[in-house]
Each structure stands twice: as structure tokens, then as C-alpha cells.
Amino acid sequence: MDSESAIRVAADILEEQFGPVVARVGHVLLQRGPLRFQEILFYVQETQQEAVEFPALRNAMLVMLQHSLVSYQSPDESYLQVYKAESDEILARLRFPQYLEYVAAAKGEEAAEMLLLTLKYGRISKARLLKEAEAEMPPPELEKLLQQLVKERILRPDFDPRAEEARKRRRLEDSQDSKAETTEVVYRYDRVNLNLCICKNLLCRIVEEQVDELAAQVMMTMLTSVGPDSNERVMANWVSIESIHERHLGLFPNSGRERDPHRLREKLRSKLDLLVNKVEFLRHRRQATPLNEFTRLADLAARPARDGHEELRSEWIVDWAKAGDCLRSLTMSQLIRDRFGQVGLRIFNLLQEGDPPQKLEENHIFNICMIPLQEGREILQSMVKHSVLNLQQVARNSDGAVANSLWLYYVDMRRVWASTEELVLDALLNLRTRFRSENARIMPLESRAQSLTAKERLLLKEGRRVEDAGPFGKSHERDVDHANEASKKALREVLEVCKKHVAACAWTWASKHVHGCMMQQMIDVASARGVAPRLVLLHTAPFGGREVDLWYKDLSHFDRLEFVAATKDGLIVYDASQIEESGESDDGALLASVCDEGVRVYDANKRYKVVQELEKVAPDVQGRAGGVRALYFSPLKNFLVTYEKWDPQYPENVHVWALQGKRAGERIRSCTLNHYTSGALPVMLINWTPDESHCLELVPGVGVVVHDGDLETPTEQEDDERVIPEPNIANFLIAPAPQRDACWVAVYVPQASMVARVSLYHLSKPSKLVMELNLPKKVKDCQMLWNFEGSALLANAMSDVDETGNSYFGSTYLYWLKPEDRKKAEVCGADKGLVQDLAWSPTSNEFMVIVGMLPAAVNLYNGTTGKLEKSLGNSKRNTLKWNPFGRFAAVAGFGTLPGDLDFYDRSKDETVASLRAALTVDCSWFADGRHFMAATVAPRMNEGNQITVYKYTGDPVLKMEPWNSVLWWAPCY
């Protein structure tokens, strides 16, 4: 029996695609099980307010039979059938877009068009399929494609036994026609095989992430031996290296070009052996098999011949049961991580260890997982509340009192899967209901959006935001109205907060999810406080596939506190300058955002007007979405560097664009950052000195090439005088200010034949090494930071191995270097523990370090000598942020810590305020140096996203909770 949530989702799918009568029939069959036709008619009329006539019910049953949503059988010799709803077929309709995407990528657009027609009609004849398929290929090739789809079980012929019997009777009774009728073949999609193909793709993606691309290709080759049998059970066969080699060449013909086949076979064998050790769902055996002459000669060059008639041959098989367990385990891990964070996943994995899974007391869990007591208890209670963990009481003595009992936490996977399935289905239903509600409200106005009155525009904006609605049923409309009222109440509460602190706000929201009345209320607040409401619509900018309205408050000055938030709904710019009087802000003149077409550059001094639109260079290739994934400005904003997703067909993915002068909008240089897909940049290949007199480009195998800042005449790589000769370089960092008329450059070279090192060069003579620091063995990465005047460098070397045995998280080595005097010193070694965070003062030659296991030591060092100057004590902190003027420092414990935050006043050497900013993911000072912003953003936190602004005294001055999910944010300075 299906769960109630599954029944509601299935009924919702049927109503959306086939109408209310089909939905009620499906709902009755799913709730009550197999029924005869008269029983279906009775129960449908019982639950329906309006009477359902026999023809309507008959047509509904015919539609469901046509699409295989209902099966039937005769329990006895009578002609009365019993009908049963197929819930798997109904829910599979949610995966139709995935089926089409897979077929289009694997077989081409013509094959996807055939599948689309089959999904549309449920069952379709061969003649109609070939006629309606809009393909440019001739009919013989189209029929050949159809045969290929049938052979690979994308489509399958479907024969109705009763229809076949009727055709036979007609042929026997028709004595006038001597010619036998030909049976028309009818096709339908193969749900089992298409689901299997999607699972195979997921497995290959897992192997590619865990091993490499060639291993994923080998796994794809192995998965060709896995397929459904006649009973729709997934079966796998043992395959030999010869068969794997042949199938691999068939799937990847380019892998066999200009290669020795024996060498390729051995490479495949080594990858198979690696996969056997890496993944649990690939098995290996050695089978005694007689070798024929051809196989023996073909294998002779790869392996020495053995004496005897038989030889042990290696064979491999995919254990599909374990492969399914792997996919389910990864899915559950992702769901646990999204709902309870990394700490919750760590607890879940710990309790799953062992067979049977272990039961542990909370203190034992916290000690092993290294979680603070308060945070751990909150997560444990939440996981128990959502049926992820279970509790078992163990009495310490015979009285069985609760106070004297021990409580053990454990995982019951059957309950976990049941509760998770309910959660996913409810979320799915809410999303579907919300989408329809939004469309129903705004569709009449959207059709004439360009000719609306002011009142209608307000109604349109108000209708573009609807909170999650409740389950399917008669109370649907009431639940939607209740959600709207709750949303408006929450907005009014935010408005009350704004009345206390804001004279006039620049409020921005995505047009698809905005109560338009909120904008009018903000203008009313400004008027009530005696401020002219100069809030105007500036620009409508697409972001993430949606149109976003950018609003701007017309100020007579630019001492503003602006910040930008990138949400799923759009790119949003806020101005919080009227919170109170504030100091001058640094330059925040330009804002660049990524869109589907490329990059848009906005000018903040011109009311965020679009001043440049730069198209992406590489197109999407074979369904792989490309586009710009990262960008940054040059120091003087004369250039913009964009990083696109790397693709082997378009290897140059780093581009420099001119923003000023005659070359504005032109691409002036390109280079390659191999295998970059998205996220944080592993290295900035191109960067400028602060005055943009020089541009430095990292060239693998050569070093750092020094160009002129305008890049009009790039330096040749053969010019030894203008190249920093470090061919194995991994990263470099330019000092923020010149010393002796030029800047220092720090270069990190990872460990290879020699230990890793940090080398320092001066741009007056780029080819001459000034000083060098050899790092300890087994260092994997190094973080480099210059002080504000560019005279001293901090190098924080990180290793995955802690030879002292004090930490599971590796070790760090912090060094101080002063190239002018050739001085260097170790600040913190591995014996002092991990460096949690470090930061230079932006105005003084001193730096602050948080080091050691929690509670960690917070120390202040002299930047001139590298020696300890002052200890601020020990606390549970892991984050440091100096304000722009170097007076205040925010010392916080974010991430897995509760969120305690201290504001330290360097001028008085005392903590001026302490507070708790729980669940903070990212934080930063405003440009005035007196306000601090803490944000909860995705993907770390997908729920409860918020932005809070604090004064340096610890007082919260603004809290905003408007988003479903904030993807990114940053102050505009």
C-alpha cells in the first residue's frame, strides 16, 4: 500500500496532466486497491461533490489504460476485470524531462523527438510515430533509428492480448477477404530501462568524482553488461578483458586511435583492478576457461603463456544490488547534509558503523565527532524529531527511573527511509502547488504586462509571491490564502524593525516573488519620517534565468552602505546608509554579475546602469552548459577577468576584457585554466600591480610572465628578463604596495622532486631570486598574505598529515618573511596546533592569529619582527575580520561553532562588545568600519537564510529574513 503522501502526489500529477476525473479515479484506486468498474464508479461518486456519469468514467479509464497508469486482470473465467493503479508509472511521469534529456544527449534530437511523441500518446503505432516525428533525416534512416531505440529498450513494442484475439476472430469470420490482416505494432516507453540508464549515469559520475575520467569510461563500458530481463529484473553478466576492450572501442572510438591495442587492454585492466579496490559494486574473479587459438595469440603479447591446456582468465561483473545500495547511501547522505549540516552527517555516519549499527550515548558521540555539547544536543534533538535517529532507554539499576537511565541513540534505516520519503514527497507537492498558484494569479495580468495601470502593476507584483501551500484536497484555496496572510504578517514585522532604524530604504526584490505593496509601504515610511521618497525603478536585469528589478534611492551624496545579495530569485542591491550617520566608504563604483549570456557590468554612480555587456566566448557543447563561472576586476577597474567552464573543445577559458578607453568591451587576451568547472578559483592566472603598470600571467611550465599593464604588447615567453623562472609554480601573490619603486611577488611551488617552497622576487628584476623558504615535507598547500605596505609576508603551509598525532585534521606551519632584510622566522609550528585563521591589520604592521585546538589562543604579533606582542586569551573562535581602518577586529566562532562574536578595540586593547550571531556562514565589515554584517547563505544553509547588521557596540540595527535561499552576498566597496 502506498503512503498518503505518495497518493497525494500521484493524484496531483494526474489532475495536472489529465484533469479532475482521472485524478479522482486514480486517488480511489490508490487508496482502496484493486477494484471492479462498478466499484470504482460507486467510490468516485461518493467522494465527488458533482456526479460523475458513466461515459466520463469510461473515458477516464481508457486514458489511464492508454498511458499504462492502470493494469487489469480477470480473477476468474468471467469477463469482469479488476483494475489496479500503477503508482510507479504515475510517479515516473515526474522523470519525463530526465528521460528526454538523456536520450537527446545519448542518441540525438531525432531520438528524443520519437520518445516525446511516445510519452505524449502513451502508446503509439509505428506509422503514426514515423509520420509525426519532425526529423530532417529520410524515412529509411528514421525507421533504422526506431529499430535502434527498440533494440536498446528505450522504446518497446506493446501487444494487447485481447486485441490480438479479436483480430484473429475477425480474420476467421471474414470469408470474403482472403488476405490476412497485418498486426499494427504499438510502441511505448520502457520505464525500467530508462530508470536504469539514469542510475548508470549517476554511477559513472560518482566514479569520475572519486577516481578519474578514464575510470568513469571503463565503468560505463562495464555497465553495458547490465540490463533488465523479460521479467524487468536487473541482471548483470561476467565479462572478460577481451569483451571489455571491444565494447570500450565501440563506446569511445577515439581511445583506440594510434595506440597499441595490447597497451590499451592493459590500461583497461589496471583501471578495473583499481575500481575493484575503490568501489564496492565491482567484483573480480579468475575463471579456468579453455583458450582457443585466436584468443591465445591475441593475449600472448599482453601476458606470458602458461603451460597446460587451460588458463585462468580474469572476469569482472557489476554487482547491481551493491550499486543500488551505493546510490541510496549517497542520496541519504546528501539529504542528511542538506537538512542537518555537516555535523549531522558526521553523527549519522558514526551511528551507521558496524553490523548491526552501533548504539551510543551522547557524550560518546560528541567526543568522537568533536562537537560542542550545546550544538550537538540541538542537532541530536532535531534528528530524533524528524525520525532520523531513535532513542533507547537503558536503566542503570532495577528501579528503572528515567533520571537513572542511560539514553542511547541509534539509526533504524527502515524508519529513516520512510520519513525521508514522506519529507521529499511533501516538499514536491508543495512546490507543485505553489507553482500553479503563482501562475493562476498572474497569468491574466502577465498576458498584457506592458499595458497595465499602476494599480494593476501593484496587483501583479503582489500576486508573484505565494508561500508553500498545504496538501491536496478541498482546503487547498484556504491554505494558499493562509500562507499569503502569514507572509504579509512576516513582512509587516520586518517593516516595524525598519521603522526604528531606517529613514529611507532602497529595497530590491525579484519580480517573480515580491509583494509589490511592500515597496509602497517603504516609500510611505520614508514620507512619514520626513524624507522625500526618491525611490525609482532603475533597471530590470536577468539573473539566474529570471528578470530582476533593481531599485535605487536617489541620494545627493555617495556615503552609502550598499551590499549586493545573489539569490535564487535574482540579484539584489540594498542601501543601508540611513541606519545612522557613518564615515566615508571606499570605492564601490562597479558591479559585475554573471548571466546566461555572459557578464553584465553595472555602474553604481549611475544608478546601477548597465555600462558593459560581455558575451561568453565558448558556446554550450553537446548539452554541457558552459558560461562564466568566476570573475574579478583589475585594481583600477580598467579590466575584467572572466573564467568560463573548461571544455576540451574550447580550452581557452580565461579571458581579459577592456572596460575603459577605445578598447572597451574587447577581449584582449585569453589563456587556459585546465579542468576548472565552477566555484572558488584554485589560482588567479592573471593579476595586476596596484597601479596597473604591470600585468602578471601564470604560464604552466614557464613561470610568471610580466607584461605591460595595458596588455597592448604582451611579453614573449622567451624573454628571460621579464619572466619569473618557476616552471612548477602553483600560485603567486603580488604585494599591495610598492617597495623600492616596484612590488614584491611571492611564489608558491608545491612539492615534487624537492620539498615545497615559497620564493620571493622583486619586479625591478623579475628573473632574480631574492630569498627562498623551504617548507616541511608533505605540505599540500600554502596560504600567502602580504601586509598593507607590501613589506612582509605570512606563509601558512598546510599538510594533511599531523606527525605529532594531536589532530585528525593535519597540521599547519606559519612563517613570517621580510624580503628587504632577508629575514624569516617560524611563528607557529605543528606543535602549537592548527592555525584556525589569520589576518593582517589593514593600517598597521601587525597581524592576529587564532591557533590551536579549541578553545584556541588568540594572539597579536608584531609585523616588523614577527614576534608575539600580546595574547588575547583562549576562546572557541575560528574567524578573524579587521575593519577597514584597523581599529576594530571581529573575533568569531562560526561554522560548526555556536556563533559567538567579539568586537575587539585595538586602540583601547579591550573587547567592547560580545554577542551571538548563530548560523552565520559569511561575514564582513561595511566600508564605514562601524557596522558589521553577518549572513546565513546557501549552500551551507538552505533554510533560515538571513542578513543581520550590527554596530561595533554589539547592537543589532537591521535584520532581514526575506529569502528562501541566499546564494551569495558581498558589501559593495
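Numbers at a glance
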read-out	value
Tally of residues being open to solvent by 20 Å² or more (accessible area, probe 1.4 Å), in a loop (DSSP other than H, G, I, E, B) and under 22 Å from ARG669 (Cβ atoms) across the range 730-746	1
GLU438, sole failed condition from (1) more than 29 Å from LEU919 (Cα to Cα); (2) open to solvent by 30 Å² or more (accessible area, probe 1.4 Å); (3) in contact (Cβ under 8 Å) with a residue 24 or more places away in the chain; (4) assigned to a helix (DSSP H, G or I)	(2)
Enumeration of residues in the range 647-671 that are closer than 20 Å to CYS595 by Cβ and either within 26 Å of the chain's Cα centre (by Cα) or not in a strand (DSSP E or B) (or both)	ASP647, TYR650, ASN653, VAL654, HIS655, LEU659, ALA664, GLY665, GLU666
Filtered residues of the range 828-843 (kept if surrounded by fewer than 19 Cβ atoms within 10 Å (Cβ to Cβ) and either touching a helix residue (DSSP H, G or I) at 6+ places or on another chain (Cβ under 7 Å) or more than 16 Å from LEU860 (Cβ to Cβ) (or both))	GLY829, ASP831
Checking VAL424 against (1) within 27 Å of LEU854 (Cβ to Cβ); (2) assigned to a helix (DSSP H, G or I), the condition it does not meet	(1)
Qualifying residue in the range 890-898 (condition: out of contact with any strand residue (DSSP E or B) (no Cβ under 6 Å at 6 or more places or on another chain), aromatic (Phe, Trp, Tyr) and in a loop (DSSP other than H, G, I, E, B))	no
Candidates GLY626, GLY598, GLY545, GLY583 - the one that is open to solvent by less than 10 Å² (accessible area, probe 1.4 Å) and either at pLDDT below 55 or farther than 30 Å from ASP928 by Cβ (or both)	GLY598
Out of ALA890, ALA856, ALA825, ALA917, sole residue that is crowded, with 22+ Cβ neighbours inside 10 Å, farther than 28 Å from ASN945 by Cα and among the hydrophobic types (A, V, I, L, M, F, W, C)	ALA856
Among the residues listed as LEU785, LEU760, LEU775, the single one being in contact with a Pro (Cβ under 9 Å, 6 or more places away or on another chain) and either within 16 Å of LEU696 (Cα to Cα) or modelled with pLDDT of 90 or more (or both)	LEU760
Boolean, ASP741 is acidic (Asp, Glu) and under 27 Å from the mean Cα position of the chain (by Cα)	no
Any hit, the range 20-43, residues being over 17 Å from VAL82 (Cα atoms) and free of Cβ contacts under 8 Å to residues at least 12 places away in the same chain	yes
Selected residue (criterion: nearest to the chain's Cα centre (by Cα)) from residues of the range 926-973 that are within 30 Å of THR843 (Cβ to Cβ) and modelled with pLDDT under 70	TRP968
Subset of the range 878-889 that is part of a loop (DSSP other than H, G, I, E, B) and touching an Asp or Glu at 6+ places or on another chain (Cβ under 7 Å) - its residue that is farthest from LEU860 (Cα to Cα)	PRO884
Enumeration of residues in the range 738-762 that are small (Gly, Ala, Ser) and in contact with a Ser or Thr (Cβ under 6 Å, 6 or more places away or on another chain)	ALA742
Scan of the range 207-242 for residues that are under 24 Å from the mean Cα position of the chain (by Cα), open to solvent by 20 Å² or more (accessible area, probe 1.4 Å) and of a type in the set (Val, Ile, Thr), ordered by number	VAL211
Odd one out for LYS908, checked against (1) out of contact with any Asp or Glu (no Cβ under 7 Å at 6 or more places or on another chain); (2) surrounded by fewer than 17 Cβ atoms within 10 Å (Cβ to Cβ); (3) modelled with pLDDT of 90 or more	(3)
Helices (runs of 4 or more DSSP H) contained in the range 1-102 and holding at least 2 residues under 39 Å from the mean Cα position of the chain (by Cα) and more than 24 Å from ARG156 (Cβ to Cβ)	4-18, 20-32
The one condition in (1) touching a residue at least 12 places away in the same chain (Cβ under 8 Å); (2) part of a loop (DSSP other than H, G, I, E, B) that LEU130 fails to fulfil	(2)
Filtered residue count, the range 95-108, keeping only those that are open to solvent by 60 Å² or more (accessible area, probe 1.4 Å) and in contact (Cβ under 8 Å) with a residue 12 or more places away in the chain	5
Given (1) buried (at least 20 other Cβ atoms within 10 Å of the Cβ); (2) outside any strand (DSSP E or B); (3) at pLDDT 70 or above, index of the condition SER577 fails	(3)
ALA680 at negative phi, among the aliphatic types (A, V, I, L, M) and at pLDDT below 90	yes
All positions within the range 747-778 that are touching a residue at least 60 places away in the same chain (Cβ under 8 Å) and assigned to a strand (DSSP E or B)	PRO766
Any hit, the range 707-717, residues being over 22 Å from THR672 (Cα atoms) and in contact (Cβ under 8 Å) with a residue 12 or more places away in the chain	no
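Matching residues to (1) closer than 26 Å to GLU422 by Cα; (2) crowded, with 19+ Cβ neighbours inside 10 Å:
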residue: ALA10; (1), (2): yes, yes
residue: ARG24; (1), (2): yes, yes
residue: LEU57; (1), (2): no, yes
residue: TYR72; (1), (2): no, no
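This table checks each residue for (1) outside any strand (DSSP E or B); (2) open to solvent by 20 Å² or more (accessible area, probe 1.4 Å); (3) of a type in the set (Val, Ile, Thr).
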site	(1), (2), (3)
LYS780	no, yes, no
MET784	no, yes, no
GLY790	yes, no, no
ASP802	yes, yes, no
PHE809	yes, yes, no
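Here is a yes/no grid of residues against (1) without any contact (Cβ under 8 Å) to a residue 60 or more places away in the chain; (2) within 18 Å of MET848 (Cβ to Cβ):
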| site | (1), (2) |
| --- | --- |
| GLY893 | yes, yes |
| GLY899 | yes, no |
| LYS908 | yes, yes |
| ALA917 | yes, no |
| ALA927 | no, no |
| THR936 | yes, no |
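The values are calculated or read from the model by the stated rules, or taken from the named source; none is laboratory data. In this text, all values refer to a predicted model and were calculated from it rather than measured experimentally. Every residue, glycine among them, receives a Cβ derived from its backbone with ideal geometry; neighbour counts consider all protein chains shown. Surface accessibility is based on the protein's heavy atoms, side chains included, excluding ligands, DNA and RNA. Shrake-Rupley method; radii C 1.70, N 1.55, O 1.52, S 1.80 Å.
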